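> Please find one structure pasted underneath; my questions will follow.
A short reminder: the numbers here are calculations on the coordinates, not readings from a lab. The structure displayed is predicted, hence computed values, not measured ones. Virtual Cβ from ideal backbone geometry, glycine too; neighbours counted across all protein chains shown.
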Amino acid sequence: MAKSDAKKSRESEKSESEKSEFVEVTAETGDHVEPPPPEAVEPDPQMSPEEIEQARKDYLLTRFWISARGYWSKNGDRLAWLFSIGLLLLIIGHVGFQYGINVWNRAIFDAIEKTPPGKAREIQITDAIALLMETEPVFAYEFEGRRYDTGRPLGLLTASIELALRRADIGPGLREYLRTLPLED
């Protein structure tokens, strides 16, 4: 008798798990909360690509609000509000920083357009920065170390070899290879 009860219990658990992928959720007021929409939603073939994209966005927004409702309700975790506000401030700060960079980018590109070509008919970025300094502050970092002129093939090659020799993973192999080269004057 105990075996048949256990078997029935397993069968009922199996049938219940097959019924629904979602857990029943009730709101603070006791009302039933609808589960998220199914994972895959097939768009109507008669919809335009713009309508399909808008439907996809609406679907994702609906899923978000259903998921987020539990965190931001009275019974939700109080840290959710703190993290949400922190994330919002981080996003606002990031957007402000990007806006500042884009303003500088526009200014430097305007200066590059106004810069006349120098030697070898090339526009020098340093000349454009000097022109930009006439209208707004420009900040720089003075570093100590070796400067490489990678605008010329020999300078690029010199920089590549010197920096590669400093690396622990390829430096020894490159050093050994350079020793095997027959150097002629």
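> By the gyration tensor of its Cα atoms, with a ≥ b ≥ c the square roots of the eigenvalues, what is the shape of the range 74-185: rounded for a/c under 1.5, prolate for a/b over b/c, or oblate?
Working: a/c = 4.17, a/b = 1.44, b/c = 2.90.
It comes out oblate by the Cα gyration axes.
> Sorting Leu131, Leu181 on the 10 Å Cβ count, fewest up front, what's the list?
Working: Leu131 17, Leu181 7.
Final ranking by Cβ density, sparse to dense: Leu181, Leu131.
> Let me ask something additional. Quick one, can you get me the convex hull of the C-alpha atoms of the range 77-140 expressed as volume per residue in Å³? If you can, show how the numbers build up before the last one.
Details: hull volume 6.3 nm³, N = 64.
So the per-residue hull volume is 98 Å³.
> Also: Which ³J(HN,Hα) values in Hz, rounded to whole numbers, follow from the phi angles of the range 85-92 under the Karplus curve 6.51 cos²θ - 1.76 cosθ + 1.60, where θ = phi - 60° and Gly and Pro get x?
5, x, 5, 4, 5, 4, 5, 4
> Just want the ordering: Thr135, Thr150, from fewest to most Cβ atoms lying within 10 Å of their own Cβ. Intermediate results must be reported in sequence, preceding the final value.
On the way: Thr135 10, Thr150 13.
By the 10 Å Cβ count, ascending: Thr135, Thr150.
> Can you list the HN-Hα couplings for the range 160-172, worked out from phi with the Karplus curve (6.51, -1.76, 1.60; θ = phi - 60°), rounded to whole Hz and with x for Gly and Pro?
Once θ is set to phi - 60°, the couplings for the range 160-172 become 4, 5, 4, 5, 5, 5, 7, 6, 5, 7, 10, x, x Hz.
> Separate question: About the Cα centre of the range 77-140, how large is the charge dipole given +1 on each Lys and Arg Cβ and -1 on each Asp and Glu Cβ? Please answer in debye to the nearest 20.
100 debye
> Can you work out ³J(HN,Hα) from phi for every residue in the range 137-149, in order, using Karplus 6.51 cos²θ - 1.76 cosθ + 1.60 and θ = phi - 60°, giving whole Hz and x for Gly and Pro?
Taking θ as phi minus 60°, the curve returns x, 10, 9, 9, 10, 8, 10, 9, x, 8, 9, 10, 9 Hz for the range 137-149.
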